[in-house]
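J.: Got a structure here, written out as structure tokens. Questions coming.
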């Protein structure tokens with residue numbers, strides 16, 4: 001809206017000198033060449049303004065109707081050569097709305113300090129008119145300790161992950177959006193996301 005107002009103001013500014021000259025009687029008869037030159041300048045200015053309007057309108061266009069999207073986030077947590085542990089979070093949210101899942105638990109291991117495990121996911125899908133899905137995603141992951149994760153004889157808490165990003169997805173096609181490494185071990189966490197339009 002601001003761009004349109006600015007463009008209208010520019011058009012008024014372009015026309016104002018001619019209007020003032022006509023009202024004050026200061027304008028002189030113009031030759032055909034002068035008129036043609038001024039007309040060409042006006043056309044060029046109009047085309048430049050139109051180009052700016054088109055540039056302002058570029059970008060993803062989103063559907064205005066209510067559309068549900070199923071979102072699946074899969075975490076693959078792997079330590080060394082051991083089999084990866086997979087956790088999947090699934091939710092349904094309408095286009096333009098947030099879906100939020102909170103999952104937490106207290107762990108009290110024998111002979112060790114209690115701690116909290118967490119898996120929180122926030123997701124907001126935006127469906128484009130072309131059928132692609134722009135997904136705003138954030139999640140927090142703090143897993144259980146594993147018996148193999150030790151450092152200098154002491155059991156260590158696995159590093160947690162706190163991640164936020166925006167990605168573009170094809171409906172029904174999974175996409176690996178990140179791979180994080182644990183700073184104290186050879187553990188890695190791979191995150192895969194899939195968003196599916198629901199009819």
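Values in this text are rule-based calculations from the coordinates and carry no lab data. Everything quoted here is computed from the prediction, not taken from an experiment. Reconstructed Cβ throughout: ideal geometry from the backbone, glycine too, with neighbour counts over all protein chains shown.
J.: Restricting attention to the alpha-carbon atoms of the stretch 63-119, what are Rg (one decimal) and Dmax (integer), both in Å?
T.: Radius of gyration, then largest Cα-Cα span, for the stretch 63-119: 17.1, 56 Å.
J.: So for each of 29-35, 44-50 I average, over its residues, the number of other beta carbons within 10 Å; can you give me the resulting order with the highest mean first?
T.: Going from most to least packed, we get 44-50, 29-35.
J.: A further question follows. Mind checking the alpha-carbon convex hull of the stretch 68-198 and giving the volume per residue in Å³?
T.: Working: hull volume 13.1 nm³, N = 131.
Convex hull volume per residue, Cα atoms: 100 Å³.
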